[in-house]
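To start, the structure itself, in structure tokens.
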Amino acid sequence: MMHRIRSFESHCERLFRDAKIDGAMHLCAGQEAVAVGVCSVMTDADALSFTYRSHGWALARGISPVSLFAECMGRRSGVSKGRGGSKHIGDWSRRILPSNAIVAAGVPLAAGVALATKSLGEPGISVVAFGDGAVNQGVLHETMTMAALWQLPVLFVCENNQYAELTPTMVMQPVARIADRAAASGIPAVRCDGMDVEAVRSAAREACARIRADGGPVFLEAETYRYSGHMTGDPQKYRTTEEVDRWRTRDAIARLEDRLVEAGVPHGALSEVRESETTAVEAAAIQAALEETPEPAEIWESAPSWSRATR
């Protein structure tokens with residue numbers, strides 16, 4: 001899955017350069033372990049909300065590369081019917097709330113689903129992923145307070161990729177560890193190495209088990225890093241190539257492959273996985289590019305009745 005995400009992001013960057021994808025796009029290469037590790041312990045009853053850096057989470061939760069490429073290209077067959085683009089991915093059949101381009105805006109939505117789930121006595125928890133920049137948004141702290149008071153089944157996942165857009169995280173943090181800020185709401189917190197998929201999986205499994213047993217929220221901080229800029233076209237003058245290279249030595253895919261080799265998995269088997277995913281993702285991009293674009297009149301399909309009445 002991490003290879004799938006890495007290959008998908010690489011193809012997206014190429015398609016953007018070739019003007020096959022319009023608008024802004026935020027890639028997650030380097031952060032794959034967080035989405036894969038967390039989603040690997042989620043059940044079908046769990047809901048997921050994530051940010052506009054959404055491709056990795058969408059793929060890890062089961063959205064196909066074809067429908068995701070089609071959405072990024074604005075095709076009718078896209079997961080959001082070509083209307084949302086790269087930053088607005090959602091699929092409620094997989095319990096995925098539409099991603100949101102407003103920082104931290106997905107947090108209260110996830111809590112709302114958790115409240116509904118608890119009120120109806122249904123199984124499942126809400127997982128919400130957000131970046132380190134969201135930790136200074138008031139809505140996050142308001143939601144955490146509410147989740148703690150009402151004991152809502154929410155897993156707050158902070159993807160600390162070291163930069164809030166172009167600003168180093170620690171420039172804006174009054175404490176050394178983001179996870180420490182959960183204490184203000186009385187929420188238990190845990191930190192993990194976000195460049196290690198097994199570490200993320202272990203921390204997420206423990207956090208989810210606690211939520212399912214006790215019912216209340218848990219805060220998980222995963223320290224990770226994005227290899228690309230904040231968005232496509234970002235000149236990245238705020239960091240050095242040496243810093244990026246230093247983080248690349250901790251690459252999650254390479255680290256897992258090294259462990260698998262040590263455990264006896266042949267190099268050839270790992271190469272087959274890499275080549276298979278690369279080929280499949282490339283084929284998905286080609287297929288998506290052949291899909292039709294929606295007609296302008298289709299914008300009103302599935303729209304609320306009040307909007308159709310006032311158009």
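The values are calculated or read from the model by the stated rules, or taken from the named source; none is laboratory data. These figures come from a predicted structure and were not determined experimentally. Neighbour counts are summed over all protein chains in view; Cβ atoms, including those assigned to glycine, are modelled from backbone coordinates with ideal geometry. Note: accessible area is taken over every heavy atom of the protein model, side chains too, but ligands, DNA and RNA are not part of it. Shrake-Rupley method; radii C 1.70, N 1.55, O 1.52, S 1.80 Å.
State all residues of region 133-142 that are touching a residue at least 40 places away in the same chain (Cβ under 8 Å) and open to solvent by less than 20 Å² (accessible area, probe 1.4 Å); if no residue qualifies, say none. Let's see the steps before the verdict.
Quick first cut of region 133-142, residues touching a residue at least 40 places away in the same chain (Cβ under 8 Å) only: 134-135, 141.
Ala134, Val135 - these are the residues of region 133-142 that are touching a residue at least 40 places away in the same chain (Cβ under 8 Å) and open to solvent by less than 20 Å² (accessible area, probe 1.4 Å).
How about region 12-41: which of its residues are open to solvent by less than 20 Å² (accessible area, probe 1.4 Å), at pLDDT 95 or above and either more than 14 Å from the chain's Cα centre (by Cα) or within 21 Å of Trp92 (Cβ to Cβ) (or both)?
Result: Cys12, Ala35, Val38, Cys39.
Determine the pairs where a residue that is more than 25 Å from Thr145 (Cβ to Cβ), located within region 210-232, has a partner that is among the charged types (D, E, K, R) and modelled with pLDDT under 95 with Cβ atoms under 6 Å apart, the partner being 6 or more residues away or on another chain.
His230/Glu165
Within region 114-132, restricting attention to residues that are open to solvent by 20 Å² or more (accessible area, probe 1.4 Å) and either among the hydrophobic types (A, V, I, L, M, F, W, C) or assigned to a helix (DSSP H, G or I) (or both), which residue is nearest to Ala209 (Cα to Cα)?
Only one residue tops the list, namely Lys118.
For region 100-113, how many residues meet the condition of being open to solvent by 60 Å² or more (accessible area, probe 1.4 Å) and either touching a His at 6+ places or on another chain (Cβ under 7 Å) or in a helix (DSSP H, G or I) (or both)? Walk me through it before giving the result.
Pass one, region 100-113, residues open to solvent by 60 Å² or more (accessible area, probe 1.4 Å): 102, 109.
Of the ones still in play, those that are also either touching a His at 6+ places or on another chain (Cβ under 7 Å) or in a helix (DSSP H, G or I) (or both) are 109.
Residues that pass the stated criteria total 1.
Please go through region 18-50 and give me each residue that is of a type in the set (D, E, K, R) and touching a residue at least 40 places away in the same chain (Cβ under 8 Å), ordered by number. Give the derivation first.
Step one: of region 18-50, the residues of a type in the set (D, E, K, R) are 18, 20, 22, 32, 44, 46.
Of everything in region 18-50, those that are of a type in the set (D, E, K, R) and touching a residue at least 40 places away in the same chain (Cβ under 8 Å) turn out to be Lys20, Asp22, Glu32, Asp44, Asp46.
Hey, can you tell me all the residues within region 65-95 that are among the β-branched types (Val, Ile, Thr) and not in a loop (DSSP other than H, G, I, E, B)?
Of the residues in region 65-95, the ones among the β-branched types (Val, Ile, Thr) are 66, 79, 89.
Matches in region 65-95: Val66 only.
Residues Ala204, Ala182, Ala199: which one is open to solvent by less than 10 Å² (accessible area, probe 1.4 Å), under 30 Å from Leu260 (Cβ atoms) and either in contact with a strand residue (DSSP E or B) (Cβ under 9 Å, 6 or more places away or on another chain) or among the aromatic types (Phe, Trp, Tyr) (or both)?
Values: Ala182 fails: under 30 Å from Leu260 (Cβ atoms); Ala199 fails: open to solvent by less than 10 Å² (accessible area, probe 1.4 Å).
Being open to solvent by less than 10 Å² (accessible area, probe 1.4 Å), under 30 Å from Leu260 (Cβ atoms) and either in contact with a strand residue (DSSP E or B) (Cβ under 9 Å, 6 or more places away or on another chain) or among the aromatic types (Phe, Trp, Tyr) (or both) holds for just one of Ala204, Ala182, Ala199, which is Ala204.
In region 148-179, how many residues are surrounded by fewer than 13 Cβ atoms within 10 Å (Cβ to Cβ), under 19 Å from Thr240 (Cβ atoms) and in contact (Cβ under 8 Å) with a residue 24 or more places away in the chain?
Selection size over region 148-179: 0.
Condition first: surrounded by fewer than 19 Cβ atoms within 10 Å (Cβ to Cβ) and at positive phi. Now tell me which residues in region 72-99 satisfy that.
Passing the criteria: only Lys81.
Yes or no: region 54-64 includes at least one residue that is under 24 Å from Ala203 (Cα atoms), charged (D, E, K, R), open to solvent by 10 Å² or more (accessible area, probe 1.4 Å) and assigned to a helix (DSSP H, G or I).
no
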